[in-house]
Amino acid sequence: MRIALWQTGGFAFDRLETAARDAAGQGADLLVGPEMLLSGYDIGAEAVRAAAEPPDGPSAARVAVIAAAAGIAVLYGYPELGADGAVYNAARLIGRDGRPLLNQRKTHLYGALDRAMFAAGGDDFPLAKVGGLRCGVLICYDVEFPELVRRHALAGADAVLVPTALMEPYDVVATTIIPARAFENGLFVAYANRCGREGDLVYCGLSAVAGPDGTVVARAGRGEAMLIADLDPERLSAVRAAGTHLADRRPELYRP
C-alpha cells in the first residue's frame, strides 16, 4: 500500500481536494491528514463546538465526494458532535469509493487545552482494511500510551494511522516514540503532523512512517509537505516471522 501523509497547518478543508488529487497522482492508496484537519486545532472551545458535526454530517459527505473523485481513501481529523451532545476529537476514514470505513475518537486528552474543548472517547478501537492492510487509528497523544498500540497489534492491525498536532518542544515523540511503537509491535506506524504556528502553538512537523522493524521509511521536515511511503506487506511478513515480542508476552506480569 502506498500512503501519503499531508503535513499542513491551520484550516485545511478548503485545500483537501487538491491534496487528494496530488496524493492520488503519486499513486497513493490513502491520504492521512493531521489532527482536526477540517477545523484547525488550537481554535478554542467555542469555535470547536460551532464547527462540530455528526460523523455523517455535511463535511463527511463532502470528503466522500473528494475521495471518490480522486480514487483515494482519506483519513481526516474533525470535531465530532456526538449523539450525547458532547464534542469529541475524532478522525474518520473514508474509502476510495466514498464509503465510510471507521470513526475513531481520541481517548487520552492532552492537558487543559484538550479538556476545555473535548470529551474523552470510550473503549472502541475498530480496524478497517485499506490497500490490503488492516489499519487502526489513534489520535495524537493516544499513541504515547503503549497499551493502545499493543491493543491494535493484538487485534491484528498491520498499520496504525495517527493524525496528530504535536507541538514544540516534543520532537521526541516523532523521532523516538513512533519508531519504538512500530518495532515493539511489528507493524507500520504512520504519523501525520501539523506544521507552522496556530494560536500559541508551534507545531513540530516531522511527520513520519516507521516500519515494523523500527526503521523510519520516510520523514518530513518542519514545513508543508506531502510525504509518500510504501507499506510493503512482504516486509511486514518477514519482520513478523522473525519477531518475538507478541509471542513472548507474559500478561500475568503486567498488572500491579
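Numerical summary
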quantity: Residue list for the stretch 129-184, filter: under 24 Å from Arg255 (Cα atoms), in contact with a Pro (Cβ under 9 Å, 6 or more places away or on another chain) and of a type in the set (D, E, K, R); calculated: Arg181, Glu184
quantity: Selected residue (only one of Ala119, Ala91 is modelled with pLDDT of 95 or more and in contact with a Pro (Cβ under 6 Å, 6 or more places away or on another chain)); calculated: Ala91
quantity: Test result for Cys135, at positive phi, touching a residue at least 24 places away in the same chain (Cβ under 8 Å) and within 14 Å of the chain's Cα centre (by Cα); calculated: no
quantity: Verdict on Ala70 being in contact with a Lys or Arg (Cβ under 9 Å, 6 or more places away or on another chain), among the small types (Gly, Ala, Ser) and on the phi < 0 side of the Ramachandran plot; calculated: yes
quantity: Tally of residues being buried (at least 24 other Cβ atoms within 10 Å of the Cβ) and either on the phi > 0 side of the Ramachandran plot or hydrophobic (A, V, I, L, M, F, W, C) (or both) across the stretch 207-226; calculated: 3
quantity: Test: residue in the stretch 181-196 that is assigned to a helix (DSSP H, G or I), free of Cβ contacts under 8 Å to residues at least 40 places away in the same chain and buried (at least 23 other Cβ atoms within 10 Å of the Cβ); calculated: yes
quantity: Filter pass, Leu148 being in contact with a Leu (Cβ under 7 Å, 6 or more places away or on another chain) and over 26 Å from Ala112 (Cβ atoms); calculated: no
quantity: Residue in the stretch 68-77 that is over 23 Å from Phe188 (Cβ atoms) and either free of Cβ contacts under 8 Å to residues at least 60 places away in the same chain or touching a helix residue (DSSP H, G or I) at 6+ places or on another chain (Cβ under 8 Å) (or both) present; calculated: yes
quantity: Tally, over the stretch 20-52, of residues that are among the aliphatic types (A, V, I, L, M), surrounded by fewer than 22 Cβ atoms within 10 Å (Cβ to Cβ), out of contact with any helix residue (DSSP H, G or I) (no Cβ under 7 Å at 6 or more places or on another chain) and not in a loop (DSSP other than H, G, I, E, B); calculated: 3
quantity: Complete set of residues in the stretch 197-214 that are under 17 Å from the mean Cα position of the chain (by Cα) and part of a strand (DSSP E or B); calculated: Tyr203, Cys204, Ala208, Val209, Ala210
quantity: Subset of the stretch 219-256 (residues that are in a strand (DSSP E or B) and free of Cβ contacts under 8 Å to residues at least 40 places away in the same chain); calculated: Arg219
quantity: Residue tally, condition assigned to a strand (DSSP E or B) and among the hydrophobic types (A, V, I, L, M, F, W, C), over the stretch 65-114; calculated: 11
quantity: Index of the failed condition, Val130 passing every other in (1) within 23 Å of Val173 (Cα to Cα); (2) in contact (Cβ under 8 Å) with a residue 60 or more places away in the chain; (3) buried (at least 18 other Cβ atoms within 10 Å of the Cβ); calculated: (1)
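The values are calculated or read from the model by the stated rules, or taken from the named source; none is laboratory data. The shown structure was predicted, so the numbers you read here are calculated from the model rather than taken from an experiment. FYI the Cβ positions are ideal-geometry reconstructions off the backbone, even for glycines, and counts take in every protein chain you see.
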